[in-house]
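*Asks:* Structure provided below as structure tokens; questions to follow.
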Amino acid sequence: MTEEKKTEQKPIILSGIQPSGELMIGHYLGALKSWVSLQYEYDCLFMLVDMHAITVRQNPAELRKRCYDFVALYVACGIDPEESTIFIQSHVPSHAELAWVLNCYTYMGELNRMTQFKDKSKKHHTNINAGLFTYPILMAADILLYQADLVPVGADQKQHLELTREIAGRFNEAYGETFKVPEPYIPPSGARIMSLQDPTSKMSKSDPNPKSYISLLDNLDEARNKIKRAVTDSEATVAYDESRPGLANLIRIYNGITGEPIEEIVSKYEGKGYAEFKTDLGEVVVDFLRPIQEKYKAIREDKKVLEGIIQKGAEEAIKRSRRTVSKVYKKVGFVPPIR
Ligand code: TYM
């Protein structure tokens, strides 16, 4: 059996992150960590979704730079580019092509229900563009193009995954089996990491207050301080209780990074106060960031290597996604190109 055939038999994973801000521990614990742990069991494709990123205004030079930063960070976090396909969405024309077709198989009412659209249109009320509205269709195209079995994401993407499944099912019913209907993979812990400054809202890279999130590239002292200053309640004991959201969030971050069960973390701090817990968590975070930052620096400096990864990824993604687009074009009745 050839190498290619062997890989093709593994179930397929597809996932992506928008290079629209800094890569932070919310992304890591919600998505990247699962990518790293599942990459050898699955045939994986990991994207940088730059086409999604322009649904809000981006500085072009920064967007370009961030794409290279993100590829280097994917690798520094443990994605093995020999094993997985890493690519940039805009390098693969099939995404826009399939998205158009799926636009015609998605209802306005479905898009109107998307909570992320509602949140984002509040945040960007001067730029509620059509792309922001149809964004979940492009995401469905990303996934369905590669016949993905599993999509590892944080909890905030669950609704988009449900819509993807709905669109796939609808198309399959109309034209016969065309798309694999994908399953979401939402990690047991880390699915929803909250802001360090307002633990009732999600940690977000676009938060104007950088104290609310920890970027994977934060200066280590800064990261320590962000944990120290994280908003908690005024109680004295360390306990895991959802009604104390600030502390519960910090315990989940501790658990997500170290893998120590929540009960063990809590019992370690029995009779101790928040200060000691926060100091230790600061060290946990720093010990986690340090090796990633060291690897990142080495990879980021080598533009040739990064370009090699991106080019190889694009070739593979173009080849694989074409098959689905051809199948879909044929099914909907487009005349095949005359060769
Ligand atoms: P994005 O770029 O907002 O986030 C990337 C991934 O990180 C997860 N995430 C979080 N997880 C836990 N806690 C948080 N605070 C947190 N913030 C972000 C997200 O759930 C996501 O898994 N639409 C997607 C990108 C996308 C995509 C795709 C994902 C486009 N096409 C196809 C999967 C498959 C997004 O905006 O993620």
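Bear in mind that the values in this text are calculations on the coordinates, not laboratory data. Not measured: the values here are computed from a predicted model. Ideal geometry is used to build each Cβ from the backbone, glycine not excepted, and the neighbour counts take in all protein chains shown.
*Asks:* Would you list, by chain and number, the aspartates and glutamates whose Cα falls below 15 Å from the Cα of residue 122, excluding same-chain residues fewer than 8 positions away?
*Replies:* Cross-link targets: 207.
*Asks:* Report, ordered by chain and residue number, the lysines lying within cross-link reach of residue 330, taken as a straight Cα distance under 25 Å and ignoring same-chain residues fewer than 8 apart.
*Replies:* 180, 319
*Asks:* Quick one: of 226/278; 10/327; 33/295, which pairs are farther than 19 Å apart, Cα to Cα?
*Replies:* 10/327
*Asks:* Ok, one more. How many times 2.2 N^0.38 Å is the alpha carbon radius of gyration of the range 223-339?
*Replies:* Working: Rg = 24.4 Å, N = 117, 2.2 N^0.38 = 13.4 Å.
Ratio of Rg to 2.2 N^0.38 Å for the range 223-339: 1.81.
*Asks:* What does the net charge come to around residue 243 if you take all other residues with beta carbon closer than 15 Å to its beta carbon, with K and R at +1 and D and E at -1?
*Replies:* In short, -2.
*Asks:* Suppose only helical runs count, i.e. DSSP H with n ≥ 4. What mean residue ellipticity at 222 nm does that imply for the chain under -39500 (n - 2.57) per run, divided by all residues and rounded to the nearest 500 deg cm²/dmol?
*Replies:* Computed ellipticity for the chain at 222 nm equals -17000 deg cm²/dmol.
*Asks:* Please find, in a Gaussian network model of the chain (springs between Cα atoms separated by less than 10 Å), the residue of 264, 283, 166 whose mean-square fluctuation is greatest.
*Replies:* Per the Cα network of the chain with a 10 Å cutoff, 264 tops the list.
*Asks:* Using a cut-off of 14 Å between beta-carbons, work out the net charge of the residues near residue 132 (Lys and Arg +1, Asp and Glu -1, residue 132 not included).
*Replies:* +4
*Asks:* Taking Cα centroids, how far is the range 27-90 from the range 219-293 in Å?
*Replies:* What the calculation gives is 27 Å, centre to centre.
*Asks:* Hey, another quick one. Hull surface divided by four, with the convex hull built on the Cα atoms of the chain: how many nm²? Please report the intermediate quantities before stating the final value.
*Replies:* Details: hull surface 77.6 nm².
If I average the Cα hull's projected area over directions, I get 19.4 nm².
*Asks:* Let me ask you something else. Provide the net charge surrounding residue 182, with neighbours chosen by a C-beta distance below 11 Å and charges set as Lys +1, Arg +1, Asp -1, Glu -1. Write down the numbers at each step before the final one.
*Replies:* Working: positive: 165, 180; negative: 142, 149, 162, 183.
So the environment of residue 182 carries a net charge of -2.
*Asks:* What are the aspartates and glutamates whose alpha-carbon lies under 15 Å from the alpha-carbon of residue 268, with same-chain residues fewer than 8 places away excluded?
*Replies:* Here the aspartates and glutamates satisfying the reach criterion relative to residue 268 are 260, 276, 280.
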